[in-house]
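Q: Below you will find the structure I want to go over with you.
We did not get these values from a lab; they are worked out from the coordinates using the rules stated. On a predicted model such as this, the values are computed, not experimentally measured, just so you know. Reconstructed Cβ throughout: ideal geometry from the backbone, glycine too, with neighbour counts over all protein chains shown.
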Amino acid sequence: MKPKSSLIKKRGRYGYFFIFPFLVGLLFYFIIPLIGAFRFSLSELKVNSTGYELSFVGAENFRHAFLVDTQFRKLLVSSVGNMCVNVPITVIFSFFLASLVSMEFKGRGAVRTILFLPIIISSGAVAMLTADDYMSIMINNSDKYTAANGGLASVFVSTVSQMELSSGVVDFLVRSVERVYDITVMSAVPIVIFLAALQSVPDALYEAAFIEGATRWEVFWKIKFPMVSPHILVCLIYSIVDSFNSASNVVIADIKNVTYMKFNYGMGAAMSFSYMAIVLVILAIVYWAVSRKVFYNN
């Protein structure tokens, strides 16, 4: 007699049933177009009256992107540099705000709603409506405006420079202040993730620690921080992808310009795959380095 399936196997079959629509969409809307785009990256595409014609050129598009097109290399370096500044600040800022709004105080619900507003503001429809808004333009270019007119940015640079800090620290602080608007928008989702993580820590752990005489500082580093460390990794990966995939990213704008304005589809596909490979390598390095320090409460 055939033994009955275990509960785990039954749940596994139910799981495959629920992810089946996703797998179908992944196949037809991602994998097949990805294969077609890779063919384009190895070819020269010419549009004609009957459609398009592909001429195989091998790795010529990739060679041109890195060895001939100097602007693409500069934009790649700039994009990686912006990510190295934005992501750490975003994660630290999100964790700090999530720690604040996890406490009990009047109006906490309203504060949480306000912190999530950047997600709505940065949505596609609202972004299009505010594309020509002068306030948004002024905010995005405030660093240039204030520097030219001796405003707040110049005062901040002058103040920080007098603290006898190293030039690298001063440059990091200045660039951080210039990115206040971008970091605020990028922090909405990480704040929600950290807030959920903080609320999932059992109160019994805090109570036991305080009974044993632990200070709040010790509770933070010995209980709160280790318990949310898996979510720190999640927020790091999310923030890196968000930074590289942002609509304001200079590399994406350059790829769109090459593909749709210059009609060089093969070159655009090669640049896209190169960009994707670089992002995947960075994600792999970050995951490998951070996951080794993550504490999992199994």
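Q: Taking 45 Å as R0, compute the FRET efficiency from the Cβ-Cβ separation of I92 and A59 and round it to 0.05. Write out the running numbers ahead of the final one.
A: Details: r = 41 Å, r/R0 = 0.90.
Between I92 and A59 the formula returns 0.65.
Q: To continue, here is another question. Could you tell me the center-to-center distance, by alpha carbons, between the stretch 13-52 and the stretch 258-298 in angstrom?
A: If we compute the Cα centre of each part, the gap is 18 Å.
Q: Just to confirm a number: summing +1 for Lys and Arg and -1 for Asp and Glu over residues other than V219 whose beta-carbon lies under 15 angstrom from that of V219, what do you get?
A: Within the 15 Å Cβ shell, the charges total -1.
Q: Can you pull out the chymotrypsin sites (Phe, Trp or Tyr not before Pro) in the stretch 202-280 whose DSSP state is coil and whose Cβ has at most 15 other Cβ atoms within 10 Å? Numbers along the way, then the final one.
A: Numbers: sites: Y206, F210, W217, F220, W221, Y238, F244, Y260, F263, Y265, F273, Y275; in loops: F263.
Passing both the DSSP loop test and the Cβ count: F263.
Q: Starting from the Cα of L280, step 7 Å along the direction of its Cβ; do the same at F30; then give the gap between the two resulting points in nm.
A: Computed distance between label sites L280 and F30 equals 1.2 nm.
Q: Treat each spin label as a single point 7 Å out from the Cα along the C-beta direction, and report the E207 to S99 distance in nm.
A: So the two model labels end up 2.4 nm from each other.
Q: May I ask you to list the trypsin sites (Lys or Arg not before Pro) in the stretch 39-114 that are in a DSSP loop and have at most 12 other Cβ atoms within 10 Å of their Cβ?
A: On the way: sites: R39, K46, R63, R73, K74, K106, R108, R112; in loops: K106.
Qualifying residues, ordered by number: K106.
Q: So which chymotrypsin sites (Phe, Trp or Tyr not before Pro) in the stretch 54-115 are both in a DSSP loop and have at most 14 other Cβ atoms within 10 Å of their Cβ?
A: Working: sites: F56, F62, F66, F72, F93, F95, F96, F105; in loops: F105.
Answer in residue order: F105.
Q: May I ask you to evaluate 6.51 cos²θ - 1.76 cosθ + 1.60, the Karplus curve with θ = phi - 60°, for each residue of the stretch 84-96 and list the ³J(HN,Hα) values in order in whole Hz, giving x for glycine and proline?
A: Once rounded to whole Hz, the list reads 5, 8, 5, 5, x, 5, 4, 5, 5, 4, 5, 5, 5.
Q: For E44, list long-range residues whose amide hydrogen, built 1.01 Å from N in the peptide plane, is under 5 Å from its own amide hydrogen.
A: When sequence neighbours closer than 5 places are left aside, the close amide H contacts are S55, F56, V57.
Q: If I stretch the segment between F263 and I114 completely, what's the gain in nm (0.36 nm per residue apart, minus their alpha carbon distance), one decimal? Present the calculation step by step, with values, prior to reporting the outcome.
A: Values: separation 149, 0.36 × 149 = 53.64 nm, distance 4.22 nm.
Length gained between F263 and I114: 49.4 nm.
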